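Reviewing the structure listed below.
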Amino acid sequence: MERLNVKIKASFWVFLAVAAVFRQGYFAAMYSIAVLAHETAHYIAAKKLFYRCTEIQLGIFGAVLYGDFDDVRGSDRIKIALAGPVCNMALCVACCAIWWIFPQAYAFTEVFFTANCTMAAVNLLPCYPLDGGRVLTGLLENKIDEKTALSLVKKSTVVFAVGIFTLFVISLFTETKLFGLGLFAVGLASGMFTQSRRAYKQMAYMPDKKRTLGKGVEKKTLVFTQNSTLGDVARRMRGNYLYALEVVNDDLVIVRKLGIAQLERVILSAPLSTVLRDLP
């Protein structure tokens, strides 16, 4: 099993320092736990779908899970995205249950409840790269291609961020200064434009094949023409299946077959721009 690294960015230490100055250390601690629980839920969902996760980065605007699943699409995208908010909502329900059994616990769990409730609500907004935006992208992919779906969601996010920031600017001329809205708009824009696009590795990555195959995995055979590329093949692969490949000519006659192990080795070693007729 590969190790998941947790990287704490400098901005997070600034957040803790500011919280300490304003005597909000307990809030910062509860918020951090809620954020880590949120990203851990993403991690668990991704691993169950056999995507490779490498690092969680913790910063002032929250945490981000990185891995070799940047091109995840459709139902997998939706499942991974929803895992975080569902985890936060479950923790909210747990707090309510604790209050019902031990009412005195309300005094020191209210902040944790609020942090999780806020995390779930904010992340379900249909804006990229928030979880709601990823869910919306996954739903749109059932109707249009991935690139167009992602472009539409990002454009709507820009409009939303500009609207939120405009409300913040207007509030500066009123008695109620909505600095939180301005910070949120900046954080949203920052998250959208700084999302790293990592190279597509291998959607059928199997971190523990013996354990996975012991539970049973469905095998699929992909059929492509000789003029297709490895990238075309990779985009059709999902982490919860095993794949073999058949390459056909213009007459649909099979000219090359790659078994599960062969295809996995080629995907991981050869450039995704490689044309199938040129495979070694």
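Each value in this text was obtained by applying a stated rule to the coordinates, not by laboratory testing. Quantities reported herein were computed from a predicted structural model and do not represent experimental measurements. A quick note on method: Cβ atoms are made from the backbone with ideal geometry, for glycine too, and the neighbour counts reach across all protein chains shown.
Some points to look at:
- With N counted as the residues of the chain, its alpha-carbon radius of gyration over 2.2 N^0.38 Å works out to 1.20.
- Estimated dipole of the chain in Debye, rounded to 20 [Cβ of Lys and Arg +1, of Asp and Glu -1, Cα centre]: 520
- Gaussian network model of the chain, Cα within-10 Å springs - most flexible of Ala161, Ala28, Ala105: Ala105
- Overall shape of the range 1-158 was characterised from the C-alpha gyration tensor. The equivalent ellipsoid obtained from it has semi-axes of 29, 18, 16 Å, in decreasing order.
- Packing rank of 144-157, 91-104, where each peptide gets the mean count of other beta carbons within 10 Å, highest leading: 144-157, 91-104
- Placed amide H near Val255: partners under 5 Å, 5+ positions off or other chain: Val247, Val248, Asn249
- Per-residue 3J(HN,Hα) values for the range 92-97, derived from phi via the Karplus relation 6.51 cos²θ - 1.76 cosθ + 1.60 with θ = phi - 60°, read 5, 4, 4, 4, 4, 5 Hz in sequence order (x marks Gly and Pro).
- Beta bridges assigned by DSSP with both partners in the range 5-193 are antiparallel in approximately 60 percent of cases.
- Amide hydrogen neighbours beyond the local backbone of Leu124, cut-off 5 Å, H modeled: Gly132
- Normalised convex hull volume, the range 95-162, alpha-carbon set, Å³ per residue: 86
- Volume per residue for the range 63-137 equals 89 cubic angstrom (convex hull of Cα atoms).
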